[in-house]
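The values are calculated or read from the model by the stated rules, or taken from the named source; none is laboratory data. Because the structure is a prediction, the values reported are computed rather than measured. Please note: Cβ atoms are built from the backbone with ideal geometry, for glycine as well, and neighbour counts cover all protein chains shown.
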Amino acid sequence: MLSGIKSYYLVLLGLLLLPFLNGCKVSYSFSGASISPEVKTVAVQLFPNRANIVNPTLSQDFSDALRDKIRDQTNLVFMSSSGDVNFEGEIVEYRTSPLAITGDDRAAMNRFTIGIRVKFTNIIDSEQDFEKVFNRYQDYDSSNDLSDVEEELVVAILKQITEDIFNQAFVNW
């Protein structure tokens with residue numbers, strides 16, 4: 001009998017608190033993104049390649065990867081010029097450098113790095129705005145020529161960078 005009364009009061013308390021919970025202004029998704037319900041549209045501009053070494057497809061590949069990440073993880077509608085949230089920027093780094101030197105002064109490992117400057121603008125909530133360079137790298141054996149492993153490395157790095165950008169823009173932990 002006592003537990004039935006407790007259950008009754010818990011249900012009653014829950015019903016009383018329900019109107020207050022309805023006023024929350026943050027929506028959540030399975031991706032961990034917390035996007036204001038007022039944000040309905042997004043625009044991702046083409047990121048020009050301004051690095052010293054230019055991969056001719058990197059600009060389009062990165063812009064498409066970022067669009068795909070947003071499309072897969074949110075319900076935002078894409079706009080061509082300006083949305084409630086906007087991504088623009090440029091590719092600023094694309095390089096390889098020796099990482100581990102062997103006893104005969106040769107590199108045993110090389111590091112391939114991509115850096116992308118991103119300007120994120122949130123028209124609805126300007127406190128979410130940021131401008132930042134996102135850098136990621138992959139190491140590869142120096143016995144491989146970069147051209148032999150470049151495509152695989154670029155795909156892995158772009159996946160990491162788009163994840164970082166998405167988290168910075170939409171996952172507010």
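Numbers at a glance
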| quantity | calculated |
| --- | --- |
| Members of region 126-146 found to be farther than 20 Å from residue 92 by Cα and among the hydroxyl-bearing types (Ser, Thr, Tyr), listed by number | 126, 140, 142, 143 |
| Number of the exception - residue 150 against (1) in contact with a helix residue (DSSP H, G or I) (Cβ under 7 Å, 6 or more places away or on another chain); (2) in a helix (DSSP H, G or I) | (1) |
| Some residue of region 24-43 being at pLDDT 95 or above and polar (S, T, N, Q) | yes |
| Selected residue [in contact with a helix residue (DSSP H, G or I) (Cβ under 9 Å, 6 or more places away or on another chain), of a type in the set (A, V, I, L, M) and either within 20 Å of residue 69 (Cβ to Cβ) or not in a helix (DSSP H, G or I) (or both)] from 169, 156, 108, 100 | 169 |
| Conditions (1) over 24 Å from residue 60 (Cβ atoms); (2) in contact (Cβ under 8 Å) with a residue 60 or more places away in the chain; (3) not aromatic (Phe, Trp, Tyr); number of the one not met by residue 127 | (2) |
| Failed item in (1) outside any strand (DSSP E or B); (2) in contact with a helix residue (DSSP H, G or I) (Cβ under 6 Å, 6 or more places away or on another chain), with residue 138 passing the rest | (1) |
| Residues located in region 70-97, provided they are over 20 Å from residue 48 (Cβ atoms) and outside any strand (DSSP E or B) | 71, 72, 73, 74, 75, 76, 84 |
| Qualifying residue in region 87-101 (condition: within 23 Å of residue 170 (Cβ to Cβ), among the aliphatic types (A, V, I, L, M) and out of contact with any Pro (no Cβ under 8 Å at 6 or more places or on another chain)) | yes |
| Exclusive hit being surrounded by fewer than 18 Cβ atoms within 10 Å (Cβ to Cβ) and of a type outside the set (D, E, K, R), set 149, 154 | 149 |
| Residue under evaluation residue 10, criteria (1) over 16 Å from residue 122 (Cβ atoms); (2) modelled with pLDDT of 95 or more; (3) exposed (fewer than 14 other Cβ atoms within 10 Å of the Cβ); (4) of a type in the set (A, V, I, L, M, F, W, C), criterion not met | (2) |
| Of the criteria (1) assigned to a strand (DSSP E or B); (2) of a type in the set (Val, Ile, Thr); (3) over 28 Å from residue 151 (Cα atoms), which one residue 116 fails | (3) |
| Top-ranked residue in region 130-143 [being in contact (Cβ under 8 Å) with a residue 24 or more places away in the chain and of a type in the set (S, T, N, Q); ranked as nearest to residue 166 (Cα to Cα)] | 135 |
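For every residue, the table says whether it meets (1) surrounded by 17 or more Cβ atoms within 10 Å (Cβ to Cβ); (2) of a type outside the set (Ser, Thr, Tyr); (3) in contact (Cβ under 8 Å) with a residue 24 or more places away in the chain.
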residue	(1), (2), (3)
55	no, yes, yes
70	yes, yes, yes
86	yes, yes, yes
101	no, yes, no
115	yes, yes, yes
